[in-house]
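See structure below.
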Amino acid sequence: MMNEAVSVSNVTKHFQQKTAVNNISFSIEKGEIAAILGPNGAGKTTVISMILGLLKPSEGDIKLFNRVPNDQQVREKMGAMLQDVSVMPGLKVNEILELFRSYYPHPLSMKELVALTALTKDDLKTRAEKLSGGQKRRLSFALALAGNPELLIFDEPTVGMDTSSRHRFWQTIHGLADQGKTIIFSTHYLQEADDAAQRILFFADGRLVADDSPMQIRSRIQKQSVSFTLHSDESLERLSRHPEVEQVIQKHKRTIIHTSNTDKVLALIFQENIHARDIRVEQGTLDEAFRQLADGIREGI
Ligand SMILES: Nc1ncnc2c1ncn2[C@@H]1O[C@H](COP(=O)(O)OP(=O)(O)OP(=O)(O)O)[C@@H](O)[C@H]1O
Ligand SMILES: [Mg+2]
């Protein structure tokens with residue numbers, strides 16, 4: 001309990017007829033990097049908004065550092081970047097940053113903020129309403145960091161970032177994680193969750209359908225197979241008896257074995273003395289796996 005940064009217990013959120021979040025529970029420990037992964041409409045923004053105290057759960061309970069989200073002490077420890085970036089018009093970037101810094105007891109220095117977010121001298125002198133989409137993201141990242149928070153929450157932080165901004169962003173995030181900060185971010189991309197997080201909370205249709213390490217999630221949903229050609233009269237009966245051989249398919253004169261343990265299947269081929277030739281081990285792409293998982297859940301599989 002001492003090490004819990006976020007605790008979500010049996011939380012549901014209804015909007016009129018729509019159940020956006022359906023009885024979810026999870027907790028995130030201090031120092032973790034956790035990804036909230038899911039397709040459009042999965043409930044990611046709703047969950048994040050409730051963690052931030054911007055929305056109230058219809059049912060259930062959320063605690064941050066063992067306190068309610070709107071607690072002043074909690075607010076001082078938290079920084080967030082939302083999906084819709086809105087900035088204050090009329091003020092220059094450096095003025096907005098100074099203002100935000102003044103809200104916090106132990107803010108980062110301007111120099112630190114600039115270094116962490118790659119805001120340029122020109123950015124700092126620009127009025128908020130004149131910023132490009134990417135510059136706005138950098139500003140809102142800087143605002144999230146202004147109070148030197150312990151807990152950082154980002155709703156789809158890399159949307160609209162070009163490749164190098166994205167790379168820089170994740171480098172900064174890993175640096176912050178190394179300092180012991182707790183980081184929660186949402187994303188549509190399994191690859192991004194896999195690259196950046198130690199833990200993936202997979203949402204679909206308002207439900208939390210998986211909560212595990214990227215490796216576990218990958219191995220659960222990413223299809224793997226061993227394929228080969230056989231001498232025409234070879235029987236696979238011996239091989240099929242092993243539980244690791246999940247499915248055997250014949251396609252284009254090749255035999256394909258679906259399995260979650262390709263090493264074991266390779267060993268079995270030799271052990272059972274199957275005369276397999278031209279053996280290939282294949283893995284579906286992550287995006288394919290993600291799409292199948294999300295679609296499967298939508299269809300109630
Ligand atoms: N204020 C609201 N009123 C009514 N329905 C809402 C409201 N906010 C969200 N919803 C609905 O709740 C569901 C979850 O929405 P949410 O924004 O949390 O999804 P998301 O996972 O963040 O999606 P995206 O990837 O598109 O950002 C959607 O069906 C959405 O239409
Ligand atoms: Mg969203």
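Restricting attention to segment 68-90, the residues being surrounded by fewer than 14 Cβ atoms within 10 Å (Cβ to Cβ), more than 23 Å from the chain's Cα centre (by Cα) and free of Cβ contacts under 8 Å to residues at least 40 places away in the same chain number 5. Taken over segment 175-189, the criterion of being modelled with pLDDT of 90 or more, under 9 Å from the mean Cα position of the chain (by Cα) and open to solvent by 50 Å² or more (accessible area, probe 1.4 Å) is satisfied by no residue.
Taking segment 249-265 as the range and being touching a strand residue (DSSP E or B) at 6+ places or on another chain (Cβ under 6 Å), closer than 19 Å to Ser219 by Cβ and either open to solvent by 80 Å² or more (accessible area, probe 1.4 Å) or among the hydrophobic types (A, V, I, L, M, F, W, C) (or both) as the test, the residues that pass are Ile256, Ile257, Val265.
Give the residue that is farthest from Leu208 (Cα to Cα), with candidates limited to residues of segment 46-79 that are small (Gly, Ala, Ser) and away from ligand 1 (no atom under 13 Å from the Cβ). This residue is Gly79.
Being under 22 Å from Lys44 (Cα atoms), of a type in the set (Asp, Glu) and open to solvent by 40 Å² or more (accessible area, probe 1.4 Å): is that true of Asp122 here? Answer is no for this residue.
Could you check segment 98-112 and list, in sequence order, the residues that are in a loop (DSSP other than H, G, I, E, B) and not aliphatic (A, V, I, L, M)? Passing the criteria: Tyr103, Tyr104, Pro105, His106, Pro107, Ser109. Taking first residues from segment 214-242 that are crowded, with 18+ Cβ neighbours inside 10 Å and partners that are of a type in the set (Phe, Trp, Tyr) and at pLDDT 85 or above, the Cβ contacts under 9 Å between residues at least 6 apart in sequence or on separate chains come to Ile217/Phe202; Ile221/Phe202.
Filtering Glu246, Glu150, Glu192, Glu156 for residues that are touching a residue at least 40 places away in the same chain (Cβ under 8 Å), of a type in the set (Asp, Glu) and either open to solvent by 60 Å² or more (accessible area, probe 1.4 Å) or away from ligand 2 (no atom under 16 Å from the Cβ) (or both) leaves a single hit, Glu150. In summary, Leu54 fulfils each of the numbered conditions (1) in contact with a strand residue (DSSP E or B) (Cβ under 7 Å, 6 or more places away or on another chain); (2) open to solvent by 40 Å² or more (accessible area, probe 1.4 Å); (3) not in a strand (DSSP E or B) with the single exception of condition (1). Looking across segment 3-45, the residues that are more than 16 Å from ligand 1 (Cβ to nearest atom), open to solvent by 50 Å² or more (accessible area, probe 1.4 Å) and assigned to a loop (DSSP other than H, G, I, E, B) come down to Asn3, Lys30.
For Gly60, the requirement of being surrounded by 16 or more Cβ atoms within 10 Å (Cβ to Cβ), closer than 16 Å to Ser27 by Cα, in the same structural domain as Arg127 (by TED's automatic domain parsing) and among the small types (Gly, Ala, Ser) is met.
The values are calculated or read from the model by the stated rules, or taken from the named source; none is laboratory data. Just so it is clear, the structure is predicted and the values come from calculations on it, not from any experiment. Cβ sites come from the backbone with ideal geometry, for glycine too, and all protein chains shown count toward neighbours. Calculation scope for accessible area: heavy atoms of the full protein, side chains included, ligands and nucleic acids excluded. Shrake-Rupley method; radii C 1.70, N 1.55, O 1.52, S 1.80 Å.
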